[in-house]
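What follows is a short report on a single structure.
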Amino acid sequence: CHDNNTLWDRLQESRKDASKADLIKMNNLSAAIVMTAQGIPFFQAGEEILRTKVKEDGTFDHNSYASSDAVNSIKWSTLDDAEYKAVYDYYKGLIAFRKAHPVLRLTNSTDVSAYVSTITGLDKNVVGFKFKGGYEGDADDMIIIFNANNASKSVQLPEGNWNVYVNAAKAGIEVLGTISGTANVDAISTLVLVKAGA
């Protein structure tokens, strides 16, 4: 997709009070929600490198079908900037994690009902899902927690050790750490955990 505001531009327009660091967190949280949701993920070209479509007058171009390449082109040179490269790597990690876990790609409501449940009793602006292990090679349970608050939140985990694959800074198929008991979910971030084998 190429039209409408880019995610980065929409975030800048709707949260003029937010710092660039928080806007990047919002962008990554949005990506994690899309990449861990059931169904076919869809995002705009260049979103993974914080694409912007700025007109000559400095406003954002939401209807750029007739705009010049200067507005519509994807600025690959932004990958030379460490902040942009970190977002790009985060998207790559989310895609790799999704591809590695078939339970994130269920194709019918019966399977969704059987394998996915909502975690209740969480703080305001915190949403969590538990995925039951056993679906097409996904042997272990999985927990995904989204925290849209400007402060970190604690979430009580089910019994056992849980491997961290996605956090505020990184995403992918390598274990970033192991936790048990209580998970601390950073502000404006996602935490994805897979139950560690016995």
Looking at D141, D89, which one is at pLDDT 95 or above, of a type in the set (D, E), under 30 Å from A45 (Cα atoms) and surrounded by 13 or more Cβ atoms within 10 Å (Cβ to Cβ)?
D89
Filter result (surrounded by 13 or more Cβ atoms within 10 Å (Cβ to Cβ), part of a helix (DSSP H, G or I) and among the small types (G, A, S)) within segment 1-40:
S30, A31, A32
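Have a look at K99, K124, K170, K153 and point out the one that is basic (K, R) and crowded, with 19+ Cβ neighbours inside 10 Å.
K153
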Could we say that K170 is in contact (Cβ under 8 Å) with a residue 24 or more places away in the chain, among the basic types (K, R), touching a Gly at 6+ places or on another chain (Cβ under 7 Å) and within 16 Å of M35 (Cβ to Cβ) here?
yes
Quick one: count up the residues across segment 96-138 that are touching a residue at least 40 places away in the same chain (Cβ under 8 Å) and either part of a loop (DSSP other than H, G, I, E, B) or over 18 Å from L157 (Cβ atoms) (or both).
10
Considering segment 45-86 alone, what residues qualify as being open to solvent by 40 Å² or more (accessible area, probe 1.4 Å), outside any helix (DSSP H, G or I), of a type in the set (S, T, N, Q) and free of Cβ contacts under 8 Å to residues at least 24 places away in the same chain?
T59, S68, S73
Which one is nearest to D123 (Cα to Cα) among residues in segment 180-198 that are open to solvent by 50 Å² or more (accessible area, probe 1.4 Å) and either aliphatic (A, V, I, L, M) or not in a strand (DSSP E or B) (or both)?
D186
Determine, yes or no, whether S117 is touching a Lys or Arg at 6+ places or on another chain (Cβ under 6 Å), open to solvent by 50 Å² or more (accessible area, probe 1.4 Å) and at pLDDT 90 or above.
yes
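The values are calculated or read from the model by the stated rules, or taken from the named source; none is laboratory data. The structure presented is a predicted model; accordingly, all values stated were derived computationally and were not measured. Quick reminder, even Gly has a Cβ in these numbers, built from the backbone with ideal geometry, and neighbours come from all protein chains shown. Side chains are part of the model used for accessible areas, which takes the heavy atoms of the whole protein and leaves out ligands, DNA and RNA. Shrake-Rupley method; radii C 1.70, N 1.55, O 1.52, S 1.80 Å.
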